[in-house]
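Here's the structure, in C-alpha cells; my notes come after.
The values are calculated or read from the model by the stated rules, or taken from the named source; none is laboratory data. What you see is a predicted model; the values in this text were computed from it and never measured. All Cβ positions, glycine included, derive from the backbone under ideal geometry; neighbour counts span all protein chains shown. Side chains are part of the model used for accessible areas, which takes the heavy atoms of the whole protein and leaves out ligands, DNA and RNA. Shrake-Rupley method; radii C 1.70, N 1.55, O 1.52, S 1.80 Å.
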Amino acid sequence: MLEDKLFINISQKYSCILYNHKDGPELLTLSPSTISYTLDENQRLNDITCSATCSPVQCTYEWRKSEGGAVSSSGVLSLGTLERGEAGTYTCTASNPGSAATTSSQQIAILVRCKFLHS
C-alpha cells in the first residue's frame with residue numbers, strides 16, 4: 001500500500017489531512033478456484049473469472065497463455081469449446097493503473113484430450 005499524507009494546520013483552529021491511497025491489487029481470486037482442468041477436445045470449458053481489489057481505481061486484467069501471449073484483456077478467461085491448441089498454462093495478472101502495481105494468479109493448467117476418428 002502506498003500512502004501520501006498532507007497535513008495543514010491553519011490558525012490552530014482547522015486541520016486538513018489528505019490521504020492519497022493507491023492500494024492493490026489485493027485479494028486476487030479465481031472463480032472457480034480450480035487450477036487444473038482435463039477436458040476432451042470439443043468439450044466446453046466454463047469461464048474462469050479473475051478478480052482483485054484496487055483503490056482508488058478499478059483493477060485492469062490480462063490473461064496470458066505461457067506459450068502464446070495475451071488471450072484476454074478482461075477479468076474473464078472464456079475459451080468456450082476447446083481445441084487442442086488451447087491446451088497449456090494460463091495466468092491472470094491484475095494491475096492497479098493508479099500505482100502500476102501488479103499481482104498474478106497461480107497458473108491454470110488446461111489439458112485437452114484429443115479425439116481420434118476411427119474408420
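Report Rg(Cα)/(2.2 N^0.38 Å) for region 21-119, keeping two decimals.
Here the Cα radius of gyration is 1.22 times the empirical estimate.
Under a crude label model (7 Å from the Cα following the beta-carbon direction), how far is Glu83 from Gln58 in nanometres?
Modelled inter-label distance: 3.0 nm.
When ligands, DNA and RNA are left out and all protein chains stay put, how many square angstrom of accessible area per residue does region 45-119 have with a 1.4 Å probe?
Normalised by residue count, the accessible surface of region 45-119 is 57 Å².
Placing +1 at every Lys and Arg Cβ and -1 at every Asp and Glu Cβ, with all other atoms neutral, what dipole size does region 38-78 have around its Cα centre, in debye to the nearest 20?
About 140 debye.
Put a dot 7 Å past each Cα toward the Cβ at Leu111 and Ser31; how far apart are the dots in nm?
A separation of 2.8 nm, rounded to one decimal place.
When only C-alpha pairs under 8 Å and at least 6 residues apart count, what is the relative contact order of region 41-119, in percent?
Averaging sequence separation for qualifying contacts and normalising by length gives 32 percent for region 41-119.
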